[in-house]
Amino acid sequence: MRSVSIRMAFALAGAIIMGMVVFDVGFVFWEQKRYASNRSAEMVRLAQHLAIGLKGVSTLEKYEYDARALRKNVLEQGFLVRYSLGGQVFQWGSFPSSLQCPKRIYSQVRLKKGFEFLCLPFYAGDKQGTIAVARALDETVKHVFEVNRVLFWWLVMAGVVILVLGLFFLRRSIVFPLLRLKQLVVAHDTLGLSTYGQDNTGLLGSLGRGIISMNQQIDDDRARISHQLHE
C-alpha cells in the first residue's frame, strides 16, 4: 500500500502543479492587459489635462514654471512628455527622439519601438500644437513581474496545503479501506468481509460484497467437485 500512496502523491502533485502553471500563465496575461489598459487611460487623461492647461497660458515658459509640481509627479509615474506650440518644444524627461508624431495625428495609444505612445493635437488661439506622451513597456513588464512573484508564493503555499489535505482524505477514503480489505481477504475472514460490505455503501463496499460472492462461489465449486470425486 505504500507504493499506492506514493503514486497517489505524485499524481496529485502533478495535477496541482499543472493547475498552478495554467492559473499563473492566465493571470500574467490578464494582469498585463488590465494594467496596460489602466495606464493607457491615464496617458489619455494626462494628455487632455496638459492640453487644457496649455490653452490658457500666455507663454510656454510660464507654463513650465507653473507646472513644476505636475512635471515631477508625471516623471515619478514613469511617463515622458513632449509638447510643442508655435515652433517651441519642451519635454519632460528623456523623451525618445525616435518617437515622432505622424502627419495624421491620432488620439489613441499605440505601441511603437518599445513604448506606449500617444499624440494629441490642441489649439491655443490660432496656433496648433501637439502633446506626445510615452511610457516604456518595461514598466508594464516590471509591474506584472512584481505582482506575479507575490502570487507565485501564494500559489506554492496553497498547493502545499491542497496536497497535504488531499493526501489525508485520499488515504482515509481509499488507502486505509483497501488495506483493511486486503487484510480480510488474506485472513479469509468471511464474517469480517460481510460486515465490511454492509458498512461501506460505496465502490469499496461493492468490492467487498463481490469478494464474498466470489469466495462463496469458490466454496460451492469446491464442494461440488469433492462430491463428484467421492461418487
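Go through region 130-160 and give me each residue that's touching a Lys or Arg at 6+ places or on another chain (Cβ under 9 Å) and at pLDDT 85 or above.
THR130, ILE131, ALA132, VAL133, ALA134, ARG135 - these are the residues of region 130-160 that are touching a Lys or Arg at 6+ places or on another chain (Cβ under 9 Å) and at pLDDT 85 or above.
For region 43-62, which residues satisfy the criterion of being open to solvent by less than 70 Å² (accessible area, probe 1.4 Å) and in contact with a Phe, Trp or Tyr (Cβ under 8 Å, 6 or more places away or on another chain)?
Listed by number, the residues that qualify are MET43, LEU46, LEU50, ALA51, GLY53, LEU54, VAL57, LEU60.
Based on this model, can you work out whether GLU31 counts as under 30 Å from ALA158 (Cβ atoms) and either in contact with a Cys (Cβ under 8 Å, 6 or more places away or on another chain) or surrounded by 11 or more Cβ atoms within 10 Å (Cβ to Cβ) (or both)?
yes
Residues PRO102, PRO96: which one is modelled with pLDDT under 85 and within 34 Å of the chain's Cα centre (by Cα)?
PRO96
Take region 66-80 and flag every residue that is under 16 Å from GLY53 (Cβ atoms) and under 33 Å from the mean Cα position of the chain (by Cα).
Listed by number, the residues that qualify are ASN73, VAL74, PHE79.
So if I check each of LEU165, LEU229, LEU184, LEU191, which one is at pLDDT below 70 and loosely packed, with under 15 Cβ neighbours inside 10 Å?
LEU191
The values are calculated or read from the model by the stated rules, or taken from the named source; none is laboratory data. No experiment lies behind these values; they were computed from the predicted model shown. Using ideal geometry, Cβ is built from the backbone for each residue, glycine included, and neighbour counts are taken over all protein chains shown. Remember, those area values only see protein heavy atoms, side chains included, never the ligands or the DNA or RNA. Shrake-Rupley method; radii C 1.70, N 1.55, O 1.52, S 1.80 Å.
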